[in-house]
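A short write-up of the structure that comes next.
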Amino acid sequence: MLELLKNLASWLTSPAQWSGPEGIAARVLEHLEYSVLATLAAAVIALPVGLLIGHTGRGAFLAVNLSSFGRALPTVGLVTLVFLAGGLSVWPVYVSLVALAVPVIITNTYAGMAAVDPEVKDAAKGVGLRGRQILWQVELPLALPLIMTGVRLATVQVVATATIAAYVSFGGLGRYVFDGLAQRDLVQVLGGAALVAVLAVVADLALGGLTRLLFRGRPATAR
């Protein structure tokens, strides 16, 4: 075990391992590209749906149960299905990652909207605000912390799962995991897994820090 850890440390710190088109730096950038684009696409799809459900109250059952659907989604199977249907392209990767992220964002967006005190909405109506005004000026600002939590959770899930790009012969940090398994190179497998874990933790901490910065000074009841 000690020898394995030494070899892993040597693999991670070798200058040659970080350079070139197949180096760690290039693989990290590829992994980030998949993750960021998929999360942004998921947010564009999920946020309007979650806001609509939370504002109107229609489809609440769907929103509550979508997170369970996301956890049960066979991501590798979905990649394979889209790959067989659409051929060799990066789209199966994006479709699978977006499908993984959308339920989390919808559920948390709905939860944030549902958590807004009805008395606050009634007060907004009392001062003359209408449906869209209440949504944008009252509900959305109060729901934002939970919405950000949903985006944060989705981002971490996508970063951790973007290794599937290597399953269909693309790049990212999953390349080390799949190539290492094929070559029976345990050090490369562990190195790729460790890099993915570190990247997911960094993404989580960064978004957590951004959330605290954005909502600093907000009363605890608003969070």
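The values are calculated or read from the model by the stated rules, or taken from the named source; none is laboratory data. Just so it is clear, the model here is predicted, and its values are computed rather than measured. Using ideal geometry, Cβ is built from the backbone for each residue, glycine included, and neighbour counts are taken over all protein chains shown. The protein model used for the area step is the full one, side chains on, heavy atoms only, and it has no ligands, DNA or RNA in it. Shrake-Rupley method; radii C 1.70, N 1.55, O 1.52, S 1.80 Å.
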Looking at this structure, is ARG175 charged (D, E, K, R) and open to solvent by 60 Å² or more (accessible area, probe 1.4 Å)? no
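Quick check on SER10: is it over 18 Å from PHE170 (Cα atoms) and either modelled with pLDDT under 70 or outside any helix (DSSP H, G or I) (or both)? Write out each step before concluding.
Working: over 18 Å from PHE170 (Cα atoms): yes; either modelled with pLDDT under 70 or outside any helix (DSSP H, G or I) (or both): no.
For SER10, the condition - over 18 Å from PHE170 (Cα atoms) and either modelled with pLDDT under 70 or outside any helix (DSSP H, G or I) (or both) - is not met.
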Sort through VAL116, VAL187 and tell me the only one that's more than 20 Å from the chain's Cα centre (by Cα), open to solvent by less than 20 Å² (accessible area, probe 1.4 Å) and in contact (Cβ under 8 Å) with a residue 24 or more places away in the chain. VAL116
Please give the number of the condition ALA154 fails out of (1) of a type outside the set (D, E, K, R); (2) open to solvent by 50 Å² or more (accessible area, probe 1.4 Å); (3) touching a helix residue (DSSP H, G or I) at 6+ places or on another chain (Cβ under 8 Å); (4) touching a residue at least 60 places away in the same chain (Cβ under 8 Å). (2)
Scan region 16-43 for residues that are surrounded by 16 or more Cβ atoms within 10 Å (Cβ to Cβ), over 21 Å from TYR94 (Cβ atoms) and of a type in the set (S, T, N, Q) and jot them down. GLN17
Please verify whether region 96-116 includes one or more residues that are closer than 14 Å to HIS31 by Cβ and assigned to a helix (DSSP H, G or I). yes
Applying the selection to region 99-145, what residues are out of contact with any helix residue (DSSP H, G or I) (no Cβ under 8 Å at 6 or more places or on another chain) and closer than 23 Å to LEU213 by Cα? TRP136, PRO141
Output the residues belonging to region 124-151 that are at pLDDT below 85 and either open to solvent by 60 Å² or more (accessible area, probe 1.4 Å) or not in a helix (DSSP H, G or I) (or both). LYS125, GLY126, VAL127, GLY128, LEU129, ARG130, ARG132, GLN133, TRP136, GLN137
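Before we move on, is THR13 open to solvent by 60 Å² or more (accessible area, probe 1.4 Å), out of contact with any helix residue (DSSP H, G or I) (no Cβ under 7 Å at 6 or more places or on another chain) and farther than 30 Å from PHE178 by Cα?
Details: open to solvent by 60 Å² or more (accessible area, probe 1.4 Å): yes; out of contact with any helix residue (DSSP H, G or I) (no Cβ under 7 Å at 6 or more places or on another chain): yes; farther than 30 Å from PHE178 by Cα: no.
So THR13 fails the test.
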